[in-house]
Amino acid sequence: MADMPKPRLAADEFQQRLLAWFDRYGRHDLPWQSPRSAYRVWVSEIMLQQTQVTTVIPYFERFMARFPTLEALATAPQDEVLHLWTGLGYYARARNLHKAAQIALAEHDGELPTDSIDELVALPGIGRSTAGAVIAQSTGERAAILDGNVKRSLTRLHALPGWPGKPAVERQLWALAEYYTPAARLADYTQAIMDFGATLCKRSKPDCPSCPFNDVCLAYSRGEPQRYPESKPKKALPTRQTIMLMLRDPEGRVWLEKRPPSGLWGGLWGLPQFDKHSELNDWLEAHVVNPARERAAPSFHHTFSHFRLEITPQPVTCDRLGGVRESGVWYDINHPPALGLAAPVKALLSQLTPFTLNPTPGHA
């Protein structure tokens, strides 16, 4: 392979060392491992994108209890899917999961097409590495993966320069991943190489003295494992401002509106948002009977990957809403319906009454 750096070990030696480590130290009791199916592995892999195992486990178990099969997921309302996803963030993952299940139900007889990487990656939200993980863990067929943990481990082992997101660097890493992937024990190997990066070759404070590859790891031999992988060149995050209207009726219910199906918090329920107070005033004048503005609550920031959103909550009470629009509902905070909520909205509602979704404001 022209793009592949010189391997630090023969493939069979790498596999033997990694699997021996996994047999002793790896994670063997994760909920998606038993029973293991393409559907369960797929849901776990999507949840694990950008999210740690300990966070994912309770979400996965609740999700499986409600959607035990691909058909159950495909035929569920999107609101219910998003509700069970609330708190995991990166909600495009949930929308894509739901859409992919519907496509699989309609076009693949209700099963994930695990015979082909190409067919899997044609489904929404499934990339090459996720497809490889699903195939390797559910069928035992040979398929390589290259998630963030694998990228970090292989980059350090070979002291590979450059940010792994660059196409040229990623091509080298894929070549190494393909080279080291065995033809047997695929489910164990795939879990092993993910566990290795997640629990030993960690982003910060890697446990190099305990590493089964420390005698051949170039980053370790140079005394600079944390230099690798190189970070993405940083850009200053721009800040945007929004006003969130917390409109309550005489019963204490809060007015929520469903956001457009794509874009920021797509398909979730949120508070009405305005760029300017004048726009908020116009909306109140047009739709609200006897609005009474209270002092604005303190602003806070919610950080996305590409910008920071400065949110100013504006409480308003009213007698009623004139001409309730189809896009909204009165949300009873004492008996909350099963709706997918944008994270800042969940956090704001949690300040009004005890809430069961453990809000964590400030993260996408």
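The values are calculated or read from the model by the stated rules, or taken from the named source; none is laboratory data. Quick caveat: nothing in here was measured; it's all calculated off a predicted structure. Every residue, glycine as well, gets a Cβ built from its backbone with ideal geometry; the counts of neighbours run over all protein chains shown. Calculation scope for accessible area: heavy atoms of the full protein, side chains included, ligands and nucleic acids excluded. Shrake-Rupley method; radii C 1.70, N 1.55, O 1.52, S 1.80 Å.
The table that follows gives values for the structure above.
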read-out: Those residues of the range 344-364 which are modelled with pLDDT under 85 and within 18 Å of the chain's Cα centre (by Cα), in sequence order; value: Leu357, Asn358, Pro359, Thr360, Pro361, Gly362, His363, Ala364
read-out: Residue check for Ile135: open to solvent by less than 20 Å² (accessible area, probe 1.4 Å) and aliphatic (A, V, I, L, M); value: yes
read-out: Helices (runs of 4 or more DSSP H) wholly inside the range 9-113 containing at least 1 residues that are among the β-branched types (Val, Ile, Thr); value: 38-48, 53-66, 78-85, 92-107
read-out: Lone unmet requirement of (1) under 23 Å from the mean Cα position of the chain (by Cα); (2) buried (at least 22 other Cβ atoms within 10 Å of the Cβ) for Thr199; value: (2)
read-out: Which numbered condition Asp215 fails, given (1) out of contact with any Phe, Trp or Tyr (no Cβ under 9 Å at 6 or more places or on another chain); (2) open to solvent by 50 Å² or more (accessible area, probe 1.4 Å); (3) farther than 24 Å from Thr54 by Cβ; (4) modelled with pLDDT under 95; value: (4)
read-out: Those residues of the range 202-212 which are open to solvent by 30 Å² or more (accessible area, probe 1.4 Å), in contact with a helix residue (DSSP H, G or I) (Cβ under 8 Å, 6 or more places away or on another chain) and not basic (Lys, Arg), in sequence order; value: Ser204, Pro212
read-out: Residue within the range 179-192 that is modelled with pLDDT under 95, on the phi > 0 side of the Ramachandran plot and in a loop (DSSP other than H, G, I, E, B) present; value: no
read-out: Residues of the range 170-188 satisfying the condition of being small (Gly, Ala, Ser) and either more than 12 Å from Pro7 (Cβ to Cβ) or without any contact (Cβ under 8 Å) to a residue 24 or more places away in the chain (or both); value: Ala183, Ala184, Ala187
read-out: Criterion: under 25 Å from the mean Cα position of the chain (by Cα) and without any contact (Cβ under 8 Å) to a residue 60 or more places away in the chain - qualifying residue of Ser278, Ser305; value: Ser305
read-out: Pair list, Cβ under 6 Å, 6 or more apart: the range 157-169 residue within 12 Å of Arg227 (Cα to Cα), other residue open to solvent by less than 10 Å² (accessible area, probe 1.4 Å) and small (Gly, Ala, Ser); value: Ala159/Ala219
read-out: All positions within the range 107-132 that are surrounded by 16 or more Cβ atoms within 10 Å (Cβ to Cβ) and polar (S, T, N, Q); value: Thr114, Ser129, Thr130
read-out: Condition check for Arg27: under 26 Å from Gly328 (Cα atoms) and either within 13 Å of the chain's Cα centre (by Cα) or surrounded by fewer than 18 Cβ atoms within 10 Å (Cβ to Cβ) (or both); value: no
read-out: Residues being within 16 Å of the chain's Cα centre (by Cα) and small (Gly, Ala, Ser) - total across the range 49-108; value: 5
read-out: Filter result for the condition that a residue is within 30 Å of His83 (Cα to Cα), assigned to a loop (DSSP other than H, G, I, E, B) and in contact with a helix residue (DSSP H, G or I) (Cβ under 8 Å, 6 or more places away or on another chain), over Pro261, Pro229, Pro250; value: Pro261
read-out: Flag for Asp118 being of a type in the set (Asp, Glu) and free of Cβ contacts under 8 Å to residues at least 24 places away in the same chain; value: yes
read-out: Residue satisfying all of: in the range 236-277; closer than 16 Å to Leu348 by Cα and among the charged types (D, E, K, R); least open to solvent (accessible area, probe 1.4 Å) among these; value: Glu257
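For every residue, the table says whether it meets (1) out of contact with any Lys or Arg (no Cβ under 6 Å at 6 or more places or on another chain); (2) open to solvent by 40 Å² or more (accessible area, probe 1.4 Å); (3) at pLDDT 90 or above.
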| residue | (1), (2), (3) |
| --- | --- |
| Leu280 | yes, no, yes |
| Leu284 | yes, no, yes |
| Pro291 | yes, yes, yes |
| Arg295 | yes, yes, no |
| Ser299 | yes, yes, yes |
| Glu310 | yes, yes, yes |
| Pro315 | yes, no, yes |
| Arg320 | yes, yes, no |
| Val324 | yes, yes, no |
